[in-house]
1. Could you look through the stretch 127-149, keep only residues that are under 30 Å from residue 195 (Cβ atoms) and among the hydrophobic types (A, V, I, L, M, F, W, C), and pick out the one that is surrounded by the fewest Cβ atoms within 10 Å (Cβ to Cβ)?
2. Have a look at 159, 117 and point out the one that is out of contact with any His (no Cβ under 8 Å at 6 or more places or on another chain), outside any helix (DSSP H, G or I) and at pLDDT below 95.
3. Could we say that residue 124 is touching a Ser or Thr at 6+ places or on another chain (Cβ under 8 Å) and either more than 30 Å from residue 83 (Cβ to Cβ) or among the β-branched types (Val, Ile, Thr) (or both) here?
4. Criterion first (exposed (fewer than 12 other Cβ atoms within 10 Å of the Cβ), of a type in the set (Ser, Thr, Tyr) and in a helix (DSSP H, G or I)) does residue 97 satisfy it?
5. Name the single residue, out of those in the stretch 100-113 being exposed (fewer than 13 other Cβ atoms within 10 Å of the Cβ) and among the aliphatic types (A, V, I, L, M), that is nearest to residue 175 (Cα to Cα).
Amino acid sequence: MAKKTKIVIDDENDKTPQEPPSTPPDPSGATDEPAESVDPLKDLEEKLTVAQAEANENRDRMLRMAAEFENFKKRSARELDDIRKYATENLIRELLSVVDNLERAIASAAPENENDQRLVDGVSLTLAEINKILERHYVSPIQALGESFDPAFHQAMCQEESTDQPPNTVVQEFQKGYLIHDRLLRPAMVVVSKAVQNGQPAERSVDTNA
């Protein structure tokens, strides 16, 4: 006996239309609206302004460093020049005492004595050689006699009333003064004139403040 087959025909009108799947909400709350766009020209201008400020700062720093280095070179050159010019200052200052003694020996010799004259000639030659050495080292004597008293170059040992010279004039030199280049090596020890009181010369008076 044959089986019965049941045929079921679906009615298309009975079908319920399927809804499309809903999109889950974005937890971040972002929407599909386009974000605000950044102006690339404005961004470049801001970067350029920052770069120019940094460049100006670096330039100022470089100029200051260059100026400081230039001052350092000038200062070092001056110091080196002073070392070269005045390196022998202490030695020459001690040598001046030898010059003083030779000059005193010549001044104290009796010119009428033949033996003294020979001695004077020998001492004079020695003194001349030493003076040549001093000249090669730019050492020069200070002019004092007859000059106005200058405390920068003269050291007043005393004052003396004088009718021949105006006041404050060097009338006598105890010891020569010397310069090395343009620097004072040793002041001249001198006697300074002052006005005559009551019309008569008085005793020589010591006044180191002249």
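1. 145
2. When all the criteria are applied, what remains is 159.
3. no
4. Against the criterion (exposed (fewer than 12 other Cβ atoms within 10 Å of the Cβ), of a type in the set (Ser, Thr, Tyr) and in a helix (DSSP H, G or I)), residue 97 qualifies.
5. Looking at residues that are exposed (fewer than 13 other Cβ atoms within 10 Å of the Cβ) and among the aliphatic types (A, V, I, L, M), I get 107.
The values are calculated or read from the model by the stated rules, or taken from the named source; none is laboratory data. Predicted model only: the values in this text are computed from it and were never measured. Glycine also receives a Cβ, built like all others from the backbone with ideal geometry; neighbour counts cover every protein chain displayed.
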